[in-house]
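Novice: This structure is in structure tokens; I'll ask about it shortly.
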Amino acid sequence: MNSGIDLQGTFIQSVMDLGIPAGTAKAIWMPLPMILMLIGATVGVLVCVWLERKISASVQQRIGPEFIGPFGLLAPVADGLKLVFKEDIVPAKADAWLFTIGPILVVLPVFLSYLIVPFGQNIVITNVGMGIFLWIAFSSIAPIGLLMAGYASNNKYSLIGGLRAAAQSISYEIPLSLSVLAVVMMSNSLSTIDIVNQQSGYGILGWNIWRQPVGFLIFWIAALAECERLPFDLPEAEEEIVAGYQTEYSGMKFALFYLSSYVNLVLSALLVAVLYLGGWDFPIPVNVIANWLGISEFNPVLQVATASLGIVMTLIKAYLLVFIAILLRWTVPRVRIDQLLDLGWKFLLPLALVNLLVTAALKLAFPFAFGG
């Protein structure tokens, strides 16, 4: 199997061929993944915000944004510009330092998590051996920022929202991690690249969703709760606590919370695609199609087509999940805080533990099918 192009190694080698020392070549490479990550995540957010408005309008039989650019495509850009130029207000009795650090702590780990996402077989920025563990570690930092923002605002509603966010994140982080652990157990690796490679070769029949249907549902429900999407948006329930932890925020600080929510949604959709839906894998293996057409596996045109198709497949799978998340927001009513915590601790956690034990048993009994 073609392992894909290592962008880091190829770039460093190309720079070194120009006579530049290896250390300098590595230093030149270091900011590039961050720039690529920022561009990719920002474009994803803009598309996601536009989809949110268009899909919600269709659900409610409205038109949605139409006149801000063609088909309203510039509406998210207008939102961003508006928030950039709005006045940044810090409440008189708030803790100014914590009030400022809170949004940064929320948004930074989400952006860093994009470094471990493989967008295609031939698009590998860096293959981190502990990629999944790194993502779980990053996602555990965000609730600290939410709690910090709620506490620093010196507002009772904000504090309740921050406490809810922390409780919600802790209760859903554990079943989410256990569902991921079942996939890691089958793949024998924490690398997102290895997890996708383990699913490839058999087309749609090899995807983890068939071997981990319960894990898929647990992960998706927990991911929606982590992203604070309806029906799990208790930390910012406007009917109960105004806007939760972001009640006192305005301008760019509010924009960071807004940005983090959508970036996290796209990230979660990408990770579901990678963990359960074969990542860049096509439903029918490309090498099988090539054999039918009599094309060599090492044909350069085929390799370029395979790489392009892989990126397209990853994005299609991710945005299908984003569509489902947006549809749920405008379909399902919000749950109560006690129902939310009961679902996490009394249902999803035991179910995730049982799923992990069953996966371990199946791995021992059927090693050929469950990665023994």
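Novice: Could you grab me the full set of residues in the range 35-68 that are free of Cβ contacts under 8 Å to residues at least 12 places away in the same chain and within 24 Å of Leu81 (Cβ to Cβ)?
Specialist: Residues of the range 35-68 that are free of Cβ contacts under 8 Å to residues at least 12 places away in the same chain, as a first pass: 35, 39, 42-43, 57-58, 61-64, 66-68.
Those that are free of Cβ contacts under 8 Å to residues at least 12 places away in the same chain and within 24 Å of Leu81 (Cβ to Cβ): Ile35, Ile39, Thr42, Val43, Ala57, Arg62, Ile63, Gly64, Glu66, Phe67, Ile68.
Novice: Considering Pro91, Pro143, Pro109, Pro175, which residue is without any contact (Cβ under 8 Å) to a residue 60 or more places away in the chain and over 22 Å from Gly40 (Cβ atoms)?
Specialist: After applying the criteria, what remains is Pro143.
Novice: So for the range 286-298 (the condition being in contact with a Ser or Thr (Cβ under 8 Å, 6 or more places away or on another chain) and either in a helix (DSSP H, G or I) or not small (Gly, Ala, Ser) (or both)), does at least one residue qualify?
Specialist: To start, the set of residues in the range 286-298 that are in contact with a Ser or Thr (Cβ under 8 Å, 6 or more places away or on another chain) comprises 286, 290.
Within this subset, residues satisfying the condition of being either in a helix (DSSP H, G or I) or not small (Gly, Ala, Ser) (or both) are 286, 290.
Yes, the range 286-298 has at least one match.
Novice: Another question about this same structure. Among the residues of the range 80-95, what is the count of those that are closer than 13 Å to Ala152 by Cβ and surrounded by 11 or more Cβ atoms within 10 Å (Cβ to Cβ)?
Specialist: 4
Novice: From the list Phe370, Phe323, pick out the single residue that is among the aromatic types (Phe, Trp, Tyr) and closer than 30 Å to Leu234 by Cα.
Specialist: Every option except Phe323 fails the conditions.
Novice: Residue by residue through the range 55-73, note down the ones that are open to solvent by less than 90 Å² (accessible area, probe 1.4 Å), out of contact with any Ser or Thr (no Cβ under 9 Å at 6 or more places or on another chain) and part of a helix (DSSP H, G or I). Break it down stepwise before answering.
Specialist: From the range 55-73, those open to solvent by less than 90 Å² (accessible area, probe 1.4 Å) are 55-60, 64-66, 68-70, 72-73; that's our starting set.
Filter once more, keeping what is out of contact with any Ser or Thr (no Cβ under 9 Å at 6 or more places or on another chain): 55-58, 60, 65-66, 68-70, 72-73.
Within the range 55-73, Ile55, Ser56, Ala57, Ser58, Pro70, Gly72 qualify.
Novice: If you scan the range 267-286, which residues turn out to be among the hydrophobic types (A, V, I, L, M, F, W, C) and either open to solvent by 10 Å² or more (accessible area, probe 1.4 Å) or in contact with a strand residue (DSSP E or B) (Cβ under 8 Å, 6 or more places away or on another chain) (or both)?
Specialist: To start, the set of residues in the range 267-286 that are among the hydrophobic types (A, V, I, L, M, F, W, C) comprises 267, 269-275, 277, 280, 282, 284, 286.
Residues satisfying the conditions are Leu277, Trp280, Phe282, Ile284, Val286.
Novice: Moving on to the next point. Quickly run through the range 135-172 and pick out the residues that are over 28 Å from Lys93 (Cα atoms) and either in contact with a strand residue (DSSP E or B) (Cβ under 9 Å, 6 or more places away or on another chain) or open to solvent by 20 Å² or more (accessible area, probe 1.4 Å) (or both).
Specialist: Ile136, Ala137, Phe138, Ser139, Ser140, Ile170
Novice: Now for a different question. Among (1) at pLDDT below 85; (2) in a helix (DSSP H, G or I); (3) farther than 30 Å from Val47 by Cβ, there is one condition Leu351 misses while meeting the rest; what is its number?
Specialist: Single failed check for Leu351: (1).
Novice: Another question about this same structure. Considering only the range 101-119, state which residues are crowded, with 17+ Cβ neighbours inside 10 Å and part of a helix (DSSP H, G or I).
Specialist: Selection gives Gly102, Pro103, Leu105, Val106, Val107, Pro109, Val110, Phe111, Ser113, Tyr114, Leu115, Ile116.
For every residue, the table says whether it meets (1) over 30 Å from Tyr202 (Cβ atoms); (2) among the aromatic types (Phe, Trp, Tyr); (3) touching a Gly at 6+ places or on another chain (Cβ under 9 Å); (4) exposed (fewer than 14 other Cβ atoms within 10 Å of the Cβ).
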position: Thr10; (1), (2), (3), (4): no, no, no, yes
position: Ile28; (1), (2), (3), (4): yes, no, no, yes
position: Leu32; (1), (2), (3), (4): yes, no, no, yes
position: Ala75; (1), (2), (3), (4): yes, no, yes, no
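Novice: Something else: Please list, ordered by first then second residue, the pairs with beta carbon atoms under 7 Å, 6 or more apart or interchain, first in the range 190-209 and within 17 Å of Ile116 (Cα to Cα), second of a type in the set (Val, Ile, Thr) and surrounded by 23 or more Cβ atoms within 10 Å (Cβ to Cβ).
Specialist: Leu190/Ile132; Thr192/Ile116; Thr192/Val117; Thr192/Ile132; Thr192/Val274; Ile195/Val183; Ile195/Val274; Val196/Val274
The values are calculated or read from the model by the stated rules, or taken from the named source; none is laboratory data. Note that this is a predicted model, so its numbers are computed, not measured. Methodologically, a virtual Cβ is constructed for each residue, glycine included, from the backbone with ideal geometry; neighbour enumeration extends over all protein chains shown. Just the protein is used for accessible areas: all its heavy atoms, side chains included, with ligands, DNA and RNA removed. Shrake-Rupley method; radii C 1.70, N 1.55, O 1.52, S 1.80 Å.
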